[in-house]
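A short worksheet on the structure shown next.
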Amino acid sequence: MILPLTGQQYSEKVTENCVAYWKAVGTYTDAEAKAVEKFIEVFKEEIFPPGSSILFTQSPLGSLTIGFSKDGSIPEVGKVVIENKQLSEAVLESIIGKHGVSPEAKQCLAARTSELLKET
């Protein structure tokens, strides 16, 4: 049985790992603390039943746009934008990094990137 995931569960786990790492390497500042608070807040009231998606858009300058879909659609506008490059990179790493939580996302990204490279 697949259970719904609460936004609070998700955001706390992601940020817990990020903060622990940043503190260990000495890069945790007030800016990261504020970004973490905003990240947790945007997820606070969300519940993700099976089939839901959390959509992240990462800009080259480091902003992280977060959107949610519970019906398979892709929203035209994100719910929030967080301006913090370190958080943006950490969220991406938590999903598709070496020890990422989503092998399916990693495989999908690799396949799509491969197709894009074939077109050029």
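The values are calculated or read from the model by the stated rules, or taken from the named source; none is laboratory data. Here the structure is a predicted model, which is why all the values come from computation and not from measurement. Using ideal geometry, Cβ is built from the backbone for each residue, glycine included, and neighbour counts are taken over all protein chains shown.
Scanning region 45-55 for residues that are of a type outside the set (A, V, I, L, M) and either crowded, with 17+ Cβ neighbours inside 10 Å or in contact with a helix residue (DSSP H, G or I) (Cβ under 6 Å, 6 or more places away or on another chain) (or both) yields E46, F48. Whenever a residue of region 8-34 is in a helix (DSSP H, G or I), its partners that are among the aromatic types (F, W, Y) and at pLDDT 90 or above, lying with C-beta atoms within less than 7 angstrom and at least six residues away or across chains, give the pairs Q8/F43; Y10/F43; S11/F39; S11/F43; T15/F39; V19/Y28; W22/Y28; E32/W22. Taking K70, is it modelled with pLDDT of 90 or more and basic (K, R)? Considered against the rule, which asks whether it is modelled with pLDDT of 90 or more and basic (K, R), K70 comes out as no.
When the criteria are applied in full, G51 meets the requirement of being over 14 Å from the mean Cα position of the chain (by Cα) and small (G, A, S). When region 56-97 is filtered for residues that are part of a strand (DSSP E or B) and touching a helix residue (DSSP H, G or I) at 6+ places or on another chain (Cβ under 8 Å), the ones remaining, listed by number, are F56, Q58, S63, L64, I66, V80, I82, E83. Taken over region 63-80, the criterion of being buried (at least 16 other Cβ atoms within 10 Å of the Cβ) and of a type in the set (A, V, I, L, M, F, W, C) is satisfied by L64, I66, F68.
Each residue in region 35-55 was checked for being on the phi > 0 side of the Ramachandran plot and in a helix (DSSP H, G or I), and 0 pass.
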